[in-house]
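**Q** Shown below is the structure under consideration.
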Amino acid sequence: MNILMIYPKPDKRKKSRFGFSYEMLTIATVLSKYHRVHIKDFSCESFDEGEFIEYVHRENIDVALVECDSYALKRSQNILHAARIIDILNQYITTIAYGNYCYITKSNFDNAKHTITENEINNVIDCINQFEQNNQIPHIKAYDELPYVNRDMLLKIPYYRENAKNTLLQTSKGCENTCIFCQRKGWQCCYVTHSDDYVLGEISNIKSSGFQNVWITDENFTFNLSRAKRLVKKIIQANLHDNLRFFISSWANVDEEFLDLANQCNVRIISFGIESGDAEILRFYRKNINIDRVPHIIRYANSIGIFTVGNFIIGAPMETEVTINETFELIKRCELDQVNIKNLDYMIGSSLYELLDDKLKTEDHIFACFENGLNDFKLNDIKRIKETFLLEYYKSHRSTIEKKIQIHGTPF
Ligand code: SF4
């Protein structure tokens, strides 16, 4: 069969770093061993309805899998375009909706002929197998049975050819921390890890394919800190870190030993989820980090040349000007190189969303603000407070980061 995998364009354009849908490429790789698989990624390709229909006919597409994404960090929700694409394709071929939005809502997506509602590769396999009795794809029985994603499949798309030094790597999925705002629990309830050998083999492939920047997509690379240390040590021992640079997301529960190993392994950026400088708000978020140790840990990472990103949220129900200032003071003490401050967002899939009054659940996400009765700050005021702080912060941090780049080079 000819199968078309489609990533629709995001509902809102966000300035985002390099990335692609790991989910899409994983499924494409698995199916491509048995079928001819094509990819259209409208997060980076332009969409023209006429050309698209012509493409579907020219390539004799039989089935289309349309990814319905949700608010993952690096991408965005894309369900408006997904629905439109499905409506167009329904006139000609079979459509299957899959993706985080479907896994969270657990219901049929719009007019798609089929919807995969569980985040489980075998459900995609079963769905495809029903169309061709003579070419049955066997089930994947373990996480390590997944083939390494075939990164060459993206190279027909100019954006990925232009970013040929960058790739993504997934060493684990999920995180068992209890943050109530975290939407990931809605689509990935358990924590699963690839074996060390699997990861080493994939990095070796990545290296021999000429990639230089490896963005690790794990929700929380250090959730199991002893595994993270062991893995990083093995990468160094196998000399796989040479000529590669790694970028990871982590909670702040790491120690100096991990940071030293990460630095040795050419981990150039660590993006830390810290969220707030106020202990009561962290308890409300059920974040489980030791806030007293955070400034020391971040400053230690800075001192050895790792570039640090801090992610914060303001807008908890008990947020006041005092607690916002506590967060800003923490940011200054940490001397983070990049700071992302978001409004608290009650997102579908998170436990926070479940706590919302039903009458507020009219959208898939609701900002915490005075207008929605969720805190004492108007949406525009939160925006202004954030922007004013960040402007000042980056001005005062400029010379520090310039010095860091002089000594340690740019992060990528
Ligand atoms: S540590 Fe990060 S990935 Fe884990 S639950 Fe919290 S926000 Fe989600």
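**Q** Name the GluC sites (Glu not before Pro) in segment 17-54 that are in a loop by DSSP and that have at most 14 other C-beta atoms within 10 Å, would you?
**A** Within segment 17-54, no GluC sites (Glu not before Pro) qualify (loop, at most 14 other Cβ atoms within 10 Å).
**Q** Take the chain, drop everything but the C-alpha atoms, weight them equally and run the Debye formula without solvent; then report log10 I(q)/I(0) at 0.07, 0.08, 0.10 Å⁻¹ to two decimals.
**A** -0.35, -0.46, -0.73
**Q** Just flag the trypsin sites (Lys or Arg not before Pro) in segment 249-318 sitting in loop per DSSP whose Cβ has no more than 15 other Cβ atoms within 10 Å.
**A** Those that pass, being in a loop and sparsely packed, are ARG286, ARG293.
**Q** Computed from the mean reciprocal separation of all distinct C-alpha pairs, what Kirkwood hydrodynamic radius does segment 2-134 have, in Å?
**A** This gives a value of 14.8 Å.
**Q** Relative to the longest principal axis of the C-alpha atoms of the chain, give the angle of the C-alpha long axis of helix 294-303, reported between 0 and 90° and rounded to the nearest 10°.
**A** 80
**Q** Related question: Residues of segment 396-412 with amide nitrogen under 15 Å from the 7 Å Cα-to-Cβ point of LYS332?
**A** 396-398
**Q** Next question. Could you tell me the extents of segment 43-111's C-alpha atoms along the three principal axes, largest first, rounded to whole Å?
**A** 34, 25, 15
**Q** I need the shape label for segment 287-412. Rule: rounded when a/c is under 1.5, else prolate if a/b > b/c, else oblate, with a, b, c from the alpha carbon gyration tensor.
**A** Details: a/c = 2.39, a/b = 2.06, b/c = 1.16.
Taking the square roots of the gyration eigenvalues as a ≥ b ≥ c, segment 287-412 is prolate.
**Q** Using only the alpha-carbon atoms of segment 76-128 as identical scatterers, what base-10 log of I(q)/I(0) does the Debye formula give at q = 0.13, 0.27 Å⁻¹?
**A** These q points yield log10 I(q)/I(0) values of -0.28, -1.10.
**Q** Calculate the FRET efficiency for ASP48 and GLN237 from the Cβ-Cβ distance with a Förster distance of 41 Å, rounded to the nearest 0.05.
**A** On the way: r = 50 Å, r/R0 = 1.22.
The formula returns an efficiency of 0.25 here.
**Q** Based solely on its DSSP helices, what 222 nm [θ] is calculated for the chain when runs of n ≥ 4 H residues each add -39,500 (n - 2.57) and the sum is averaged over all residues, nearest 500 deg cm²/dmol?
**A** That calculation yields -11500 deg cm²/dmol at 222 nm.
**Q** Another one. Exposure proxy check: MET1, MET318 ranked by fewest other beta carbons within 10 Å? Walk me through the numbers before you get to the answer.
**A** Numbers: MET1 16, MET318 12.
So the ranking, lowest neighbour count to highest, is MET318, MET1.
**Q** Hey, what angle do you get for helix 321-334 against the long axis of the chain, alpha-carbon based, 0 to 90 degrees rounded to 10?
**A** It works out to around 90 degrees.
**Q** Hey, rough spin-label estimate for ASP376 and ARG84, points 7 angstrom out along Cα→Cβ, what's it come to in nanometres?
**A** 4.3
**Q** Rounded to the nearest 10 degrees, what's the angle between the helix 79-90 long axis and the longest principal axis of the chain, both from Cα atoms, 0 to 90?
**A** Approximately 0 degrees, to the nearest ten.
**Q** How many nm separate the modelled label positions at GLN130 and ILE405, each set 7 Å beyond the Cα in the direction of the Cβ?
**A** Between GLN130 and ILE405, the simple spin-label model gives 5.4 nm.
**Q** Who wins for biggest fluctuation among GLY201, GLY315, GLY186 in a Gaussian network model of the chain, springs between alpha carbons below 10 Å?
**A** Of GLY201, GLY315, GLY186, the Gaussian network model singles out GLY201 as fluctuating most.
**Q** Using Cα pairs closer than 8 Å and at least 6 residues apart in sequence, work out the relative contact order for the chain, in percent.
**A** So the answer I get is 11 percent.
**Q** Here's a follow-up. How would VAL294, VAL322 line up from fewest to most surrounding beta-carbon atoms within 10 angstrom?
**A** Least to most surrounded, the residues fall as VAL322, VAL294.
**Q** Follow-up. Taking the chain as a whole, which cysteines find no other cysteine Cβ under 4.7 angstrom from their Cβ?
**A** CYS44, CYS68, CYS102, CYS127, CYS175, CYS189, CYS190, CYS265, CYS334, CYS369
**Q** How large are Rg and Dmax for segment 164-408 when calculated on the C-alpha trace, in angstrom?
**A** Gyration radius and largest Cα-Cα distance of segment 164-408: 19.0, 56 Å.
Readers should treat all values here as calculations from the given coordinates under stated rules, not as data from a laboratory. Please read all numbers here as calculations on a predicted model, not as lab measurements. No Cβ is skipped: glycine too gets one built from the backbone with ideal geometry, and neighbour counts run over all protein chains shown.
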